[in-house]
Structures are given as structure tokens and as C-alpha cells.
Amino acid sequence: PSPIRLADYRPPAWTVSQIELEFDLGIDSTEVRSRLHLRRDPAQHVPLRLDGEGLELIAITLDGQPLDAHAYRYQDEVLEVEGASDDSVLETRVRVRPAANTALEGLYLSGSREQGFLLTQCEAEGFRHVTFFPDRPDVLARYSVTLRADRARFPVLLAGGNPAGAGELPDGRHWARFVDPYPKPSYLFALVAGRLEKIERGYRTADGRDVKLVIWAEPDVIDCCGYAMDALERAMRWDERAYGRNFDLDVFHVVATHDFNMGAMENKGLNIFNAKYLLADPDTTTDDEYRGVEAVIGHEYFHNWSGNRVTCRDWFQLSLKEGLTVFREQQFSADMNSAPLKRIDDVALLRRAQFPEDAGPLAHPVRPSQYSEINNFYTATVYEKGAELVRMLAGRLGSEGFRRGMDLYFDRNDGRAATLEDFLAALGSANGIDLSPYLAWYAQAGTPQLSAAGRYDAATRSYTLTLRQHTPATPGQPDKRALPIPVKLALFGPDGRMLPLHDGAAEQVVVLEQDEQSFVFPGIEHAPVPSLLRGFSAPVILDYAYAPAELALLLTHDTDGFNRWEAAQQLAWRAYAELRDGSGHEALSVWGDTLAGLFDQDGLDPALLADLLTPPGEVELAERETDVDPARIHALRQALQRELAARIGAHVLAGRYRTLEAQASDALDAASQAQRRLRRRVLELLVLLDAAKAQALAAAQFDRAATMTDRLAALAVLVRSGAPQAAEALERYRTRHAGNALALDKWFAVQAQIPGEPALARVRTLQANPKFTLKNPNRVQALLGTWARGNPSGFHRVDGEGYRFLAARLAELDALNPQVAARLATAFNGWQRLEPARREQARAAVAELAGRRLSRNLAEIVGNMLKG
Ligand code: HT7
Ligand code: ZN
């Protein structure tokens with residue numbers, strides 16, 4: 001099929017002002033009646049065409065008259081109807097088959113036929129699997145939804161909007177109606193029906209509306225929803241405070257499902273969550289997962305304004321809602337927890353997931369210019385890089401200016417389907433600034449490389465910083481232009497104190513707008529060490545020829561927590577390169593000794609210390625190499641960490657471990673979480689120095705752990721270090737958590753992380769385990785995703801067996817769930833940069849897969865993968 005291009009966008013010829021939907025729900029067969037109140041754009045003369053996929057058409061009438069067979073045609077996923085005019089009402093009756101829907105798009109069954117429940121997923125183009133409709137985000141309609149079903153099997157009936165009646169029907173059936181007063185695009189439609197339990201809370205919005213918050217889950221997990229409810233309340237208060245945004249319906253439903261393709265979905269008034277991002281309890285949820293629940297609860301809630309009240313004109317504008325909402329969620333999480341730790345996590349994610357995407361055959365701009373399958377564009381680039389672009393704009397305007405701009409954006413675009421131009425125009429005009437140069441960031445793929453060089457002139461006491469930018473070519477974009485790059489900076493003196501800049505300020509932002517520019521800072525007392533790109537002020541790769549001692553100074557003294565961590569990362573990079581190239585030990589010594597010094601420093605947040613002690617991951621290390629050998633990278637990174645551990649010393653590590661052990665609690669507060677994070681890191685370092693001792697400590701920790709964080713950390717150390725205690729611990733974990741799907745996912749994932757050649761044998765064994773199924777996306781991600789995307793030395797075997805195994809699973813998975821198969825296939829990203837033996841094996845496996853009959857989703861990914 002030919003790709004869809006942004007340049008071809010035309011406003012819809014036909015829209016729908018109102019839709020009345022009636023569902024007769026059943027697991028095998030559901031009947032959907034729809035009445036569309038049509039509007040025609042008088043300027044366009046094209047027949048009425050509606051999207052519809054896999055629908056069994058039972059009846060069709062136009063303005064009350066049944067249509068003759070020659071008055072409509074349903075083929076190639078389009079229903080074309082003759083004779084419709086402005087104000088016509090088209091009524092259709094279709095049948096869909098939820099239990100047979102393994103793609104989890106449209107109406108499907110979650111769980112078993114006996115106990116499971118029905119739900120919908122409509123973003124991006126799932127509504128066309130439910131009924132005929134102009135299934136594009138710029139068609140906003142008012143929805144009235146009536147659900148009918150057997151009361152015993154489906155006691156709970158939910159749809160988005162406000163409740164508008166419910167009652168009994170003959171034969172044990174019942175009905176419920178929901179009316180949404182806000183016009184919305186079809187991707188925000190949702191329904192849920194089944195045996196669910198709820199927890200409820202009343203909430204009064206800042207503007208005085210009484211709202212009922214209801215979280216629904218299957219009976220066995222309803223006790224795990226309290227944390228999400230608290231997080232939801234925090235998110236609602238935060239959006240009122242930070243952005244002046246209030247909730248706008250009488251009731252807000254949230255539902256948990258174990259069968260979901262992504263994290264969660266912001267359907268208007270009826271958010272649906274992957275259970276992984278909603279359920280939480282101390283026995284089965286790690287600290288990181290608790291933060292994940294809070295973040296995703298926030299994210300989906302914030303969409304109510306950034307996405308729902310103001311939606312996207314077309315899917316090319318996806319980052320308008322996603323980048324903005326990720327940014328809002330990042331601000332929320334930073335406010336609820338530690339801002340520097342959140343920034344470190346987010347940048348680490350960007351580097352691990354987005355930079356490789358931007359540097360490989362799947363690179364695309366934050367606003368892509370074309371796609372074949374939109375579901376393939378829910379990427380780290382659209383989400384995470386998109387959030388970085390909003391952060392740059394917010395930084396440019398300052399917090400008050402940004403708030404002014406956001407107010408204007410919401411005001412101007414409420415009830416509209418907007419574009420990124422609308423966003424930049426509102427932010428700019430609220431502040432009298434032309435932000436249009438930033439549009440280039442949305443159009444240009446690739447990560448800019450920023451090189452910086454400083455020169456201090458003692459005679460004039462001035463410091464000159466020269467910045468240069470270069471963005472490497474990406475597929476389809478050979479030539480790149482200069483982008484506006486804001487560089488937040490401060491200067492440090494040799495004693496580690498900040499040098500005031502000429503206006504007395506401690507830090508300043510300079511914006512590089514051309515290929516190269518110099519910035520002069522007068523009145524600088526000493527040759528400074530610059531702290532550049534503070535807080536990661538732009539999503540670029542910075543190159544500055546720091547001496548190791550200068551990085552040590554920043555690591556010790558920088559007042560920007562993020563840049564402290566960044567200095568540790570840069571030192572670790574250099575130390576790694578020294579080990580790899582046999583080029584000395586200078587950086588290695590400085591890195592190890594500085595961290596060893598910080599290890600005992602009072603007052604340093606243990607969580608920050610844990611992050612400082614963590615070198616870049618194997619995926620990031622591979623990013624800077626050609627002829628990548630993942631086994632060698634793994635070995636070198638282990639050696640690097642062993643050096644660090646040795647410099648701190650086994651005795652000191654063990655002592656710190658004991659202190660942290662004595663402080664251990666099951667509390668969820670920041671201090672307890674920080675202690676657990678450091679305890680894990682200390683154990684991971686100790687096992688490299690004294691395996692037997694660390695394994696004994698890990699085994700004891702596993703036995704006594706009061707939290708999942710401590711239990712899983714201990715298990716991971718045992719399993720990854722090949723400890724003699726590992727098998728028994730795994731078995732005990734499995735028995736203890738046999739009935740808990742999310743805990744069992746972690747059992748699969750921890751084994752998928754076994755490094756090196758043995759990983760594949762374990763993955764093969766586990767995929768034959770009766771608890772493994774390709775039908776459940778979380779289980780697929782836990783085993784195959786963790787192994788192929790998160791365990792480079794385990795996946796990239798030199799014999800190519802890993803590639804062939806994954807390709808075979810992808811072909812099977814594609815027949816069930818194309819969205820999940822396509823996402824998993826991105827594990828092959830970067831194959832062109834592998835060393836020749838692996839490269840050829842990977843190429844052959846991808847080419848063989850590309851030669852099969854594949855879904856549009858998977859075909860696009862493997863096709864692009866081979867082009868680069
Ligand atoms: N807006 C949602 C994106 C989404 C999705 C969710 C579930 C299943 C399939 C999906 N396709 C796209 C999630 C979000 O960003 O909030
Ligand atoms: Zn989102």
C-alpha cells in the first residue's frame with residue numbers, strides 16, 4: 001500500500017456532528033447499531049466514504065430508507081454510500097467478534113471466556129473495527145452510547161461520558177446509557193463490560209465540580225488499586241495548580257486489564273490501563289513500578305486537556321498530544337519525587353531508546369512526513385524527543401511565559417483538532433516571541449552533535465565558548481540545517497565554586513542558532529570549568545574535551561544534580577574507552593577514585609549515589625561504536641564496574657551493605673526507596689569482587705525481603721551472576737507468585753537477562769513453559785522483549801541463533817497481534833553497525849522474515865530496517 005503523507009492532508013469532506021451507538025454485547029458476537037448525523041463540506045464534492053475493517057454488515061439505511069445493494073459498496077476497508085447529503089442520517093447494523101480478536105484493537109475480550117470482560121481500544125484506528133465512521137482525529141462528534149447485555153455475565157456496563165440512564169430488559173438482560181457532552185474524535189471512544197469490582201472516591205475540582213472517581217478491576221486484584229487512586233487525586237490537584245486545568249465530567253472511570261498493547265489509554269472519561277501501570281501492592285510491586293503507576297496515571301489524566309479537549313488534526317501531529325503530555329507527566333513526577341533523579345531517569349531513557357532510533361534505519365522526525373502504519377509511530381522519538389522539544393520551548397519562555405502560552409493554547413484550541421503550528425503560535429503570541437524556528441526540530445530527524453570548545457584570556461579576563469552543531473544524515477534526509485539549541489551553562493572555578501557571570505547570575509542560557517557561534521563571557525576571574533547543557537537543556541550529543549580532573553570537579557561540586565551525574569557518565573565513557581583500547585588508566589583512576597570518595601560522603605542522597613555509581617548501559621556504549629560486538633561490550637562493562645568496586649573496596653561495600661540492611665523497611669517514602677536503590681547497586685558491585693560473599697548476602701536478602709524491590713534485586717543478582725542459589729530462589733519465587741500475572745512477568749524477565757550465550761537456551765525453555773503465551777503482550781515483553789531489546793549480549797549471538805529464533809517468534813506473533821510484533825521487531829535496530837559476522841546473520845534473518853506474508857505493521861518495520 002502507498003504511504004500516507006502529511007503533504008496530502010485535506011480537511012474531511014464529510015463529518016459527523018452526532019453519533020448514537022447501541023451495542024448488544026456478547027463474547028463471540030456483538031451487534032453494533034450506529035446512527036451518524038452527517039455534515040457535508042459544501043466545498044467538496046466527493047461521495048460519502050467511511051472506514052470499516054472486518055465488519056459484517058447486517059443492515060444499512062439512509063434517512064430511514066433501507067439502501068439497495070447498488071447504493072453502497074463495502075470493499076477494501078471502505079464503505080461508500082451514494083445519495084447522502086448534508087444533514088443525512090446513516091444507520092448501520094454490523095456484527096463484530098470480540099473473542100476472535102487477538103490483535104487487541106477494536107472490541108476484544110480480556111481474560112478467559114468464562115471470567116474475562118469486554119473492552120475496546122480505538123487509538124489510533126481501532127474505531128473502524130467497531131463500526132463504520134470517518135475514523136480520523138479531525139472528525140469530532142457528540143457520542144450517545146447505549147450498552148445492552150446479559151446482567152449475570154456483564155453486570156458492569158461502562159462507556160465514556162456522563163451516565164444517562166440504566167435499567168432492566170427482558171430475559172435477564174440490562175442496559176446502561178452514557179452521553180458525552182464534549183465532541184470528541186473516534187479514537188477516544190471506549191466501552192467496558194463484565195464482572196468488575198470498584199473502589200470509589202469523591203473529588204471536588206478547584207472550579208467546584210463534584211466528580212466521582214472510580215477505579216475498576218477484576219475481583220482478585222481490586223485490593224491493589226488504592227495507590228492508583230491516590231496518585232489520580234494527586235495528578236488532578238497538580239493539573240489544577242500547575243496549569244489551571246479542571247476535570248470536566250461528573251464521573252471519571254479507570255479500568256485495569258491484563259491484555260493491552262501499550263501502557264494505557266486516555267479515552268474520554270474512561271481511561272483503560274494495562275494492569276502493569278495501575279495495580280500496586282508492596283508484595284509484588286517494585287519502587288520503580290510504583291513510580292511508573294504514578295507517572296502513567298498522571299499521563300493519561302493530563303491527556304484530558306492535552307489530547308482530548310484539544311486533540312490532533314491528523315496523526316502526523318501525534319507529538320502535539322504525546323510529547324506535550326510526556327512533558328507534563330515529567331513535571332508532575334519531578335514535583336512528586338526528586339527532580340534531579342527524574343531528569344536522570346528521563347535522559348537515560350532518551351539515550352537508551354530514542355538516540356538509537358534516531359541513528360538507525362527507523363529514524364523519523366518528531367512530526368513524521370509519511371507512514372504506512374500509524375501504530376508504528378508511537379515511538380520514543382514522538383514521545384520522548386517530543387517531550388524534550390516542549391521542554392526547550394518551556395525553557396525559552398520561562399515558567400510564567402510558558403504558563404501564559406499554555407493558557408492561550410488551551411483557550412484558542414479547546415474543542416478543536418490542532419496542529420503543531422497552532423501550538424507554537426499560541427506559545428509565541430502569548431509572549432510576543434516568534435517560535436517558528438523551533439518547527440525545524442519537529443521536521444528534522446537525527447540527533448544533533450554539539451561540539452563545544454572554551455578559551456580563557458587571562459589578560460582580558462574573558463572566557464569565549466565556541467559552539468558548533470552538526471546533524472548526521474538520516475534516511476530520506478541527507479542534508480540537515482542548523483537548529484536553535486539552547487545551552488544552559490555555568491562556570492566553575494578551580495576550587496569548585498561557581499563563578500558569577502557578568503550580570504551576577506549563576507547560570508545563563510545561550511542559544512546556538514547557526515552552524516557555529518562564539519559567546520564571550522566577560523569578567524571571569526579564573527580559567528573556568530564549564531558546566532554545559534545543564535539539566536540536559538537540549539536533546540543533543542555534547543562533545544567537550546574535558547580533562548578527567550575537570551569532570552571530577554563537576555562530579556564533586558556541580559550544583560545541578562543532573563550534570564553531576566552527567567560528569568560521572570562522561571568519566572565512565574572515557575574509562576571504558578581506555579579499557580577497550582588499552583590506552584592508559586587516567587580516566588579510570590579519576591572516575592573510580594572520585595566515586596570512592598563520594599561513597600562515604602555524608603548528605604549525598606543514596607539514590608543519587610546509586611545513579612552516580614552506574615556507568616552507561618550496554619546499549620548506550622554500543623551507540624558510539626562501529627563493528628559492535630555486544631559480548632565484548634558486556635565483558636568490558638563488567639570489567640569497568642569491577643575496577644570501580646575495587647577502588648571502593650570490598651570491605652567498604654560490605655560495610656555499607658550491612659548499614660543499609662539494618663535500615664531496611666517496607667516503607668514507600670523517598671528515603672526508604674533511596675536506600676533500597678543503593679543497596680541493590682552495592683550488591684551488584686560487590687558480586688563482581690567477591691561473588692561467594694555477595695551471593696550469600698543476596699540469598700539472605702531474598703529470604704527476608706519485605707518488599708518486591710529487595711526480593712527482585714536479590715534474585716537478579718543471583719540469576720545474572722550464575723549463583724548456585726539461583727535455581728532454588730527462582731523456584732521459590734515462582735511458587736510464591738504463581739497466581740499473580742505481573743509478578744510472574746518479572747520471573748520471566750529476570751531470567752531473560754542472563755548475560756551471554758546461555759540466555760537463548762533459557763529463553764527457549766521459558767517459551768515452552770505453560771505460563772508463556774504469545775497472546776499476552778506483557779508476557780511477550782517480559783520474556784522476548786527483555787531478552788531481545790534489553791540483553792544485548794544474550795540476543796546477539798555470534799552464531800545468529802538469537803536472530804533466527806526471534807524472527808520465527810515474530811512471524812507467529814504477527815499472525816496474532818501485529819502491533820506487538822512490529823514493536824518487538826525493532827530489536828533488530830542497529831544491525832548494520834554490528835561486527836561483520838553478526839551483521840550478516842542478522843541481515844539474513846531480517847531478510848528471510850521480510851520475504852514472508854506479514855501484516856502492514858511488521859512489513860513496514862522490517863522493510864525500513866533493510867533499507868537503511
Ligand atoms: N494514547 C495512547 C496511545 C496508544 C495506545 C494505547 C493502547 C493500545 C494501543 C495504543 N495505540 C496508541 C497511550 C498514551 O500515550 O497515553
Ligand atoms: Zn499519551
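The values are calculated or read from the model by the stated rules, or taken from the named source; none is laboratory data. As the structure is a prediction and not an experimental result, all values here were calculated from the model. Here the Cβ positions follow ideal geometry from the backbone for every residue, glycine too, while neighbour counts run over all protein chains shown.
Quick check on the range 279-297. Is at least one of its residues in contact with a Cys (Cβ under 7 Å, 6 or more places away or on another chain), away from ligand 2 (no atom under 15 Å from the Cβ) and not charged (D, E, K, R)?
yes
Please go through the range 654-673 and give me each residue that is surrounded by fewer than 15 Cβ atoms within 10 Å (Cβ to Cβ) and among the acidic types (D, E), ordered by number. Step through it out loud before you land on a result.
Taking the range 654-673 as the starting set, the residues that turn out to be surrounded by fewer than 15 Cβ atoms within 10 Å (Cβ to Cβ) are 655, 658-659, 662-663, 665-667, 669, 671.
Answer for the range 654-673, where residues must be surrounded by fewer than 15 Cβ atoms within 10 Å (Cβ to Cβ) and among the acidic types (D, E): D666, D669.
Take the range 401-446 and flag every residue that is closer than 18 Å to S306 by Cβ, in contact with a Leu (Cβ under 6 Å, 6 or more places away or on another chain) and not in a helix (DSSP H, G or I).
A430, L435
Under the condition of being of a type in the set (S, T, N, Q) and out of contact with any strand residue (DSSP E or B) (no Cβ under 6 Å at 6 or more places or on another chain), which residue from the range 298-321 is farthest from ligand 2 (Cβ to nearest atom)?
Across the range 298-321, the extreme among qualifying residues is Q317.
With the requirement that a residue be assigned to a helix (DSSP H, G or I), more than 16 Å from ligand 1 (Cβ to nearest atom) and small (G, A, S), what does the range 306-362 give you?
Once the filter is applied, which keeps residues that are assigned to a helix (DSSP H, G or I), more than 16 Å from ligand 1 (Cβ to nearest atom) and small (G, A, S), the range 306-362 yields A334, A339, A348.
Only residues that are within 16 Å of ligand 2 (Cβ to nearest atom) and within 21 Å of the chain's Cα centre (by Cα): list them for the range 232-258, please.
Within the range 232-258, L232, A235, D239, V254 meet the criteria.
Out of all the residues in the range 17-27, is one or more among the hydrophobic types (A, V, I, L, M, F, W, C) and part of a loop (DSSP other than H, G, I, E, B)?
The answer is yes; a qualifying residue exists.
Just give me the residues in the range 693-708 being assigned to a loop (DSSP other than H, G, I, E, B) and either in contact with an Asp or Glu (Cβ under 8 Å, 6 or more places away or on another chain) or surrounded by 20 or more Cβ atoms within 10 Å (Cβ to Cβ) (or both), in sequence order. I'd like the intermediate steps shown before the answer.
First, the residues of the range 693-708 that are assigned to a loop (DSSP other than H, G, I, E, B): 705-707.
A706, T707, listed by residue number.
Among the residues of the range 232-289, count how many are within 16 Å of ligand 1 (Cβ to nearest atom) and within 21 Å of K342 (Cα to Cα).
Count: 8.
Given the options V780, V798, V820, V763, name the one that is within 26 Å of L834 (Cβ to Cβ), among the β-branched types (V, I, T) and out of contact with any Leu (no Cβ under 8 Å at 6 or more places or on another chain).
From the options V780, V798, V820, V763, the qualifying one is V798.
So which of D230, D207, D220, D239 is of a type in the set (D, E, K, R) and in a loop (DSSP other than H, G, I, E, B)?
D207
Among the residues that make up the range 621-643, is at least one of them among the hydroxyl-bearing types (S, T, Y), out of contact with any Ser or Thr (no Cβ under 9 Å at 6 or more places or on another chain) and at pLDDT 95 or above?
Within the range 621-643, not a single residue is among the hydroxyl-bearing types (S, T, Y), out of contact with any Ser or Thr (no Cβ under 9 Å at 6 or more places or on another chain) and at pLDDT 95 or above.
This table checks each residue for (1) closer than 24 Å to I633 by Cβ; (2) in the same structural domain as S855 (by TED's automatic domain parsing); (3) part of a helix (DSSP H, G or I).
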{"position": "N769", "(1), (2), (3)": "no, yes, no"}
{"position": "T773", "(1), (2), (3)": "no, yes, no"}
{"position": "V780", "(1), (2), (3)": "no, yes, yes"}
{"position": "L783", "(1), (2), (3)": "yes, yes, yes"}
{"position": "S793", "(1), (2), (3)": "yes, yes, yes"}
{"position": "D799", "(1), (2), (3)": "yes, yes, no"}
{"position": "L806", "(1), (2), (3)": "yes, yes, yes"}
{"position": "L813", "(1), (2), (3)": "no, yes, yes"}
{"position": "V820", "(1), (2), (3)": "no, yes, yes"}
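Just one of the numbered conditions (1) out of contact with any helix residue (DSSP H, G or I) (no Cβ under 6 Å at 6 or more places or on another chain); (2) assigned by TED's automatic domain parsing to the domain that holds E840; (3) not β-branched (V, I, T) is not true of A706; which one?
(2)
Whether any residue in the range 293-302 is over 28 Å from F410 (Cβ atoms) and either within 13 Å of ligand 1 (Cβ to nearest atom) or touching a helix residue (DSSP H, G or I) at 6+ places or on another chain (Cβ under 7 Å) (or both) is what I want to check. Break it down stepwise before answering.
First, the residues of the range 293-302 that are over 28 Å from F410 (Cβ atoms): none.
No, every residue in the range 293-302 fails to be over 28 Å from F410 (Cβ atoms) and either within 13 Å of ligand 1 (Cβ to nearest atom) or touching a helix residue (DSSP H, G or I) at 6+ places or on another chain (Cβ under 7 Å) (or both).
So which pairs qualify, if the first residue must be in the range 365-392 and farther than 11 Å from S319 by Cβ, the second must be small (G, A, S) and away from ligand 1 (no atom under 13 Å from the Cβ), the Cβ gap must be under 6 Å, and the two must be at least 6 apart or on different chains?
Sorted first by the residue in the range 365-392, then by its partner, the pairs are A380/A353; M392/A538.
What number of residues within the range 53-95 are free of Cβ contacts under 8 Å to residues at least 24 places away in the same chain and of a type in the set (A, V, I, L, M, F, W, C)?
Here the count works out to 3.
Restricting to the range 416-441, name every residue that is in contact with a Ser or Thr (Cβ under 9 Å, 6 or more places away or on another chain) and closer than 26 Å to P12 by Cα.
Residues satisfying the conditions are R416, A417, A418, L420, E421, L424, A425.
Hey, can you tell me all the residues within the range 426-461 that are small (G, A, S), within 25 Å of F536 (Cα to Cα) and without any contact (Cβ under 8 Å) to a residue 12 or more places away in the chain?
Matches in the range 426-461: none.
Just the residues that are surrounded by fewer than 19 Cβ atoms within 10 Å (Cβ to Cβ) and small (G, A, S), please, taken from the range 543-576.
A545, A547, A549, listed by residue number.
Given the conditions (1) surrounded by 15 or more Cβ atoms within 10 Å (Cβ to Cβ); (2) within 39 Å of the chain's Cα centre (by Cα), and given that Y72 satisfies all but one, which numbered condition is not satisfied?
With (1) surrounded by 15 or more Cβ atoms within 10 Å (Cβ to Cβ); (2) within 39 Å of the chain's Cα centre (by Cα) applied to Y72, the lone miss is (2).
Take the residues in the range 310-368 that are acidic (D, E) and farther than 21 Å from R534 by Cα, then tell me which one is farthest from the chain's Cα centre (by Cα).
The residue in question is D314.
Here is a check on your reading of the model: is N261 within 16 Å of ligand 2 (Cβ to nearest atom), in a strand (DSSP E or B) and in contact (Cβ under 8 Å) with a residue 12 or more places away in the chain?
no
Hey, among A380, A426, A417, which residue is within 16 Å of ligand 1 (Cβ to nearest atom) and touching a helix residue (DSSP H, G or I) at 6+ places or on another chain (Cβ under 6 Å)?
A380
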